[in-house]
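All remarks here apply to the structure that follows.
The values are calculated or read from the model by the stated rules, or taken from the named source; none is laboratory data. Fair warning: this is a prediction, and the values are worked out from it, not measured in the lab. Cβ atoms come from the backbone with ideal geometry, glycine included; neighbour counts cover every protein chain shown.
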Amino acid sequence: MPELPEVETTRRGLLPHVVGRRVRDVVVRNPSLRWPVSPGLARRLRGERVADIRRRGKYLLFDFPRGHLLVHLGMSGKLTLVPEGTPPQAHDHVDVRLEGERALRLTDPRRFGAVLWLPDPAEKHALLRGLGMEPLEGGFSGEALAAAAGGRRVAVKQFLMNGQVVTGVGNIYASEALFHAGIHPARSVSRISRERWDRLAAAVRATLESAIAAGGTTLRDYASFDGHAGAFQDQTAVYGREGEPCRACGTAIRALRQGQRSTFYCPGCQR
Ligand SMILES: [Zn+2]
């Protein structure tokens with residue numbers, strides 16, 4: 001499933017090719033995604049210029065003068081830029097044709113993605129309203145994490161993966177960040193010092209940035225906007241390495257189950 005780094009990789013890849021261009025047309029071949037594709041997109045967007053592409057959690061927001069096109073990649077979706085006239089394949093459900101003879105194409109075999117029109121302000125929309133802190137933005141810090149943890153007793157890994165606390169820190173990235181911060185994934189958030197929260201915030205940010213630099217993580221069939229697969233999965237410290245030696249101390253990496261997800265950690269490095 002595309003995670004925050006894949007979505008951010010897509011966003012950064014599309015920015016120079018899409019922002020500032022006008023939409024020539026929108027073609028919806030199959031509106032049956034997770035929610036029906038908003039009707040009337042072609043009428044609404046024809047001739048309008050893309051002002052910016054932003055990301056909130058795993059949602060992409062294409063900003064237009066009178067509203068926003070929200071795109072979610074669901075379980076299996078990807079956005080690619082294709083030369084105009086490229087014949088659509090079976091799972092190519094939506095094309096946004098742009099000036100410059102290229103089209104932004106949504107491919108989504110499992111159809112859990114979304115393409116919705118949001119009026120201003122986008123942040124008030126039900127899908128975006130309850131989202132937690134953005135881990136790559138300025139407000140994300142040890143202080144903010146400690147404040148959000150106040151009064152809770154949940155395990156720190158569950159806390160990090162709660163989208164109402166922090167957006168987009170999926171299973172891989174939570175495991176990796178906790179390793180780099182030296183914090184045991186089952187430790188209660190009520191028992192983490194302020195210094196360790198600072199270390200964790202820095203580790204979350206660094207883990208996501210290195211995944212973005214590697215072009216995201218490819219676990220199934222995800223490919224970034226120009227079709228290149230990500231490489232982050234080949235450089236994890238703990239994720240997917242049960243029984244293998246820790247790269248820092250040589251102790252065998254262990255796995256445990258938390259909330260029906262596998263967590264990987266080093267018993268030598270993480271307390
Ligand atoms: Zn270790």
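Below is a table of values for the structure above.
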| item | result |
| --- | --- |
| When residues of segment 17-52 are limited to those that are hydrophobic (A, V, I, L, M, F, W, C) and in a helix (DSSP H, G or I), the one surrounded by the fewest Cβ atoms within 10 Å (Cβ to Cβ) | 42 |
| Matching option when the condition is surrounded by fewer than 15 Cβ atoms within 10 Å (Cβ to Cβ), over 14 Å from residue 57 (Cβ atoms) and within 17 Å of the chain's Cα centre (by Cα), among 177, 206, 214, 147 | 206 |
| Residues being within 7 Å of the ligand (Cβ to nearest atom) and either within 16 Å of residue 176 (Cβ to Cβ) or surrounded by 15 or more Cβ atoms within 10 Å (Cβ to Cβ) (or both) - total across segment 250-267 | 1 |
| Residue check, residue 106 surrounded by fewer than 20 Cβ atoms within 10 Å (Cβ to Cβ), touching a strand residue (DSSP E or B) at 6+ places or on another chain (Cβ under 6 Å) and assigned to a strand (DSSP E or B) | no |
| Criterion: of a type outside the set (Val, Ile, Thr), modelled with pLDDT of 95 or more, within 21 Å of residue 82 (Cβ to Cβ) and touching a Lys or Arg at 6+ places or on another chain (Cβ under 6 Å) - qualifying residue of 33, 45 | 33 |
| Residues being within 15 Å of the ligand (Cβ to nearest atom) and either modelled with pLDDT under 95 or in contact with a helix residue (DSSP H, G or I) (Cβ under 8 Å, 6 or more places away or on another chain) (or both) - total across segment 217-246 | 4 |
| Among the candidates 178, 200, residue that is in contact with a Lys or Arg (Cβ under 8 Å, 6 or more places away or on another chain) and either more than 16 Å from the ligand (Cβ to nearest atom) or in a helix (DSSP H, G or I) (or both) | 178 |
